[in-house]
Amino acid sequence: MLKILYKIKKINKKKQYKNLEIKNIINDIIKYDDFALKYYIKKIDGIKINNINNLIINKIQMKKIYKKNNLLKKKILKEIYIRLKRFHFNYFNNSWQNNNNKIVCGQKITSIEKICIYVPGGKTIYPSSIYMNAIPALINNPKKIIMITPLKNGIISNIILSISYLCKINKIIFSGGVHTLTCLVYGTNTILKVNKIVGPGNYFITRSKKKFFGSIGIDMLAGPSELFILANKFIHPRIILFDFYSQLEHDENAIVYFSINNIKYINFFFKYIYKHLILQVNKKIIFKSLNNCYLFFLNIANSISLINYIAPEHLMLCTYLSNKLLKFIKNSGTIFLNIFSSESIGDYVAGPSHVIPTKKNSKFTSSLNTENFIKKINLIKTFRNEKLNLVSSYIAKKEKFFCHAYSSNIRI
């Protein structure tokens with residue numbers, strides 16, 4: 001049941017054998033290459049294949065499917081693509097150099113060459129995840145973008161292929177899970193090794209990404225989706241209700257926090273949630289995820305303190321003071337600034353990526369953007385500069401690195 005109180009939840013620890021499974025899968029893929037991949041595709045996905053290439057779709061095949069779409073569908077797909085790309089161009093970085101007192105310093109900006117985007121697809125398809133992961137990467141023109149996604153009921157979705165073509169995906173591997181992800185990390189005879197993996201996934205994908213870090217770059221370790229709603233008593237509960245439901249229908253682990261300085265509104269809203277639940281298509285998922293939800297009776301100051309502590313993935317400021325409150329918000333992934341800004345707009349078409357830090361990670365990291373797909377290489381060029389060499393030599397001697405000191409002194 002939904003709780004009208006604040007409580008500190010105990011962490012549900014996953015059984016240790018699950019971690020052992022992840023480790024075994026990774027080791028088998030490293031050792032047995034494509035043979036292990038075919039074995040796990042059969043064991044986990046229930047698909048028997050003789051050739052891995054049967055699960056790989058290239059650009060030409062994507063293009064054929066895209067061309068078959070009617071004009072309206074093409075227009076909708078392109079509108080999302082253009083809107084998101086326009087937003088991410090604001091992040092674009094150029095290489096730079098400056099000359100300051102006989103020393104030239106700068107940065108060379110280069111793209112990460114080979115990207116893998118993981119698009120979940122176990123329970124349903126998530127075409128929006130292609131846009132949200134691929135477009136920030138596209139701004140810096142990587143050499144290859146490879147996508148992996150599970151097959152939904154053994155059927156390849158036309159909309160997945162169409163969006164992948166628009167987003168310039170080079171190849172799609174229709175197989176998900178730790179077994180396929182491992183192939184992209186270490187490479188096999190059939191599958192190219194990449195430099196970075198981005199995209200959300202389930203518990204197993206997140207655990208495996210943690211293990212892969214160091215061998216490969218990752219975007220973040222994301223947990224269940226989160227939403228914090230701060231409202232006032234003048235907002236119609238029906239508006240809040242569907243923001244509540246839209247978050248909870250993500251999956252059974254989704255979390256919603258709702259705060260308002262009006263106890264009558266909270267009591268009414270509590271009943272309102274269950275009254276309308278029976279009418280929702282995804283009522284079973286919503287009902288289970290209500291276990292993760294909280295209603296708070298707090299004033300604005302305490303609500304903001306709680307927001308900054310929780311550091312929610314999504315924050316909706318459904319008050320007339322939203323712009324004034326913004327300066328007090330220190331930790332959140334994405335903020336929606338009035339009652340007309342639904343979380344759904346952010347999930348699909350507004351512009352920013354919906355790959356956002358969760359589990360308080362927005363205290364130290366940002367949502368996925370173009371900077372996740374570039375490297376900044378430092379540039380240094382000096383001329384005869386006695387002062388700099390003397391300073392360098394002084395610090396080196398203090399650290400007892402005498403060859404460092406001599407390498408500076410010899411250039412004076």
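For the stretch 179-212, the tally of residues that are among the hydrophobic types (A, V, I, L, M, F, W, C), open to solvent by less than 10 Å² (accessible area, probe 1.4 Å) and within 17 Å of the chain's Cα centre (by Cα) stands at 5. Count of the stretch 46-68 residues, restricted to those that are over 20 Å from residue 187 (Cα atoms) and either crowded, with 17+ Cβ neighbours inside 10 Å or in contact with a Gly (Cβ under 9 Å, 6 or more places away or on another chain) (or both), is 5. When 60, 82 are checked against the criterion of being of a type in the set (Val, Ile, Thr) and over 27 Å from the mean Cα position of the chain (by Cα), a single residue qualifies: 60. Could you list all residues from the stretch 231-284 that are closer than 21 Å to residue 308 by Cα and open to solvent by 80 Å² or more (accessible area, probe 1.4 Å)? If the condition is that a residue be closer than 21 Å to residue 308 by Cα and open to solvent by 80 Å² or more (accessible area, probe 1.4 Å), then 261 is the only one that fits.
Right, residue 151: in contact with a Gly (Cβ under 8 Å, 6 or more places away or on another chain), closer than 30 Å to residue 26 by Cα and either open to solvent by 60 Å² or more (accessible area, probe 1.4 Å) or in contact (Cβ under 8 Å) with a residue 12 or more places away in the chain (or both) or not?
yes
Here's the yes/no breakdown for (1) acidic (Asp, Glu); (2) assigned to a helix (DSSP H, G or I); (3) open to solvent by less than 40 Å² (accessible area, probe 1.4 Å):
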residue: 296; (1), (2), (3): no, no, yes
residue: 302; (1), (2), (3): no, yes, no
residue: 309; (1), (2), (3): no, yes, no
residue: 331; (1), (2), (3): no, no, yes
residue: 338; (1), (2), (3): no, no, no
residue: 353; (1), (2), (3): no, no, yes
residue: 359; (1), (2), (3): no, no, no
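Name the single residue that is least open to solvent (accessible area, probe 1.4 Å) among those in the stretch 1-25 being in a loop (DSSP other than H, G, I, E, B) and either at pLDDT 90 or above or touching a Leu at 6+ places or on another chain (Cβ under 9 Å) (or both).
2
Scan the stretch 215-230 residue by residue and report those that are over 27 Å from residue 26 (Cβ atoms) and either among the charged types (D, E, K, R) or surrounded by fewer than 23 Cβ atoms within 10 Å (Cβ to Cβ) (or both). So that I can check it myself, show each step before the final result.
Of the residues in the stretch 215-230, the ones over 27 Å from residue 26 (Cβ atoms) are 226-230.
The answer is 226, and nothing else.
Within the stretch 386-408, track down each residue that is buried (at least 16 other Cβ atoms within 10 Å of the Cβ) and polar (S, T, N, Q). Once the filter is applied, which keeps residues that are buried (at least 16 other Cβ atoms within 10 Å of the Cβ) and polar (S, T, N, Q), the stretch 386-408 yields 389, 392, 393, 408.
Scanning the stretch 285-294 for residues that are assigned to a helix (DSSP H, G or I), within 18 Å of residue 266 (Cα to Cα) and open to solvent by less than 20 Å² (accessible area, probe 1.4 Å) gives a single hit, 290.
Within the stretch 93-126, the set of residues being in contact (Cβ under 8 Å) with a residue 60 or more places away in the chain and of a type in the set (A, V, I, L, M, F, W, C) comprises 103, 104, 105, 109, 112, 115, 116, 117, 119. Can you pull out every residue in the stretch 368-412 that is of a type in the set (Val, Ile, Thr), modelled with pLDDT under 85 and either out of contact with any helix residue (DSSP H, G or I) (no Cβ under 8 Å at 6 or more places or on another chain) or closer than 30 Å to residue 196 by Cβ (or both)? Once the filter is applied, which keeps residues that are of a type in the set (Val, Ile, Thr), modelled with pLDDT under 85 and either out of contact with any helix residue (DSSP H, G or I) (no Cβ under 8 Å at 6 or more places or on another chain) or closer than 30 Å to residue 196 by Cβ (or both), the stretch 368-412 yields only 410. Residues being part of a helix (DSSP H, G or I), in contact with a helix residue (DSSP H, G or I) (Cβ under 9 Å, 6 or more places away or on another chain), surrounded by fewer than 14 Cβ atoms within 10 Å (Cβ to Cβ) and without any contact (Cβ under 8 Å) to a residue 60 or more places away in the chain are entirely absent from the stretch 315-325.
Counting only strands (runs of 3 or more DSSP E) that sit completely within the stretch 26-120, those holding 1 or more residues that are modelled with pLDDT of 95 or more correspond to 114-118.
The values are calculated or read from the model by the stated rules, or taken from the named source; none is laboratory data. Here the structure is a predicted model, which is why all the values come from computation and not from measurement. FYI the Cβ positions are ideal-geometry reconstructions off the backbone, even for glycines, and counts take in every protein chain you see. All accessible areas refer to the heavy atoms of the entire protein, side chains included, with ligands and DNA or RNA removed. Shrake-Rupley method; radii C 1.70, N 1.55, O 1.52, S 1.80 Å.
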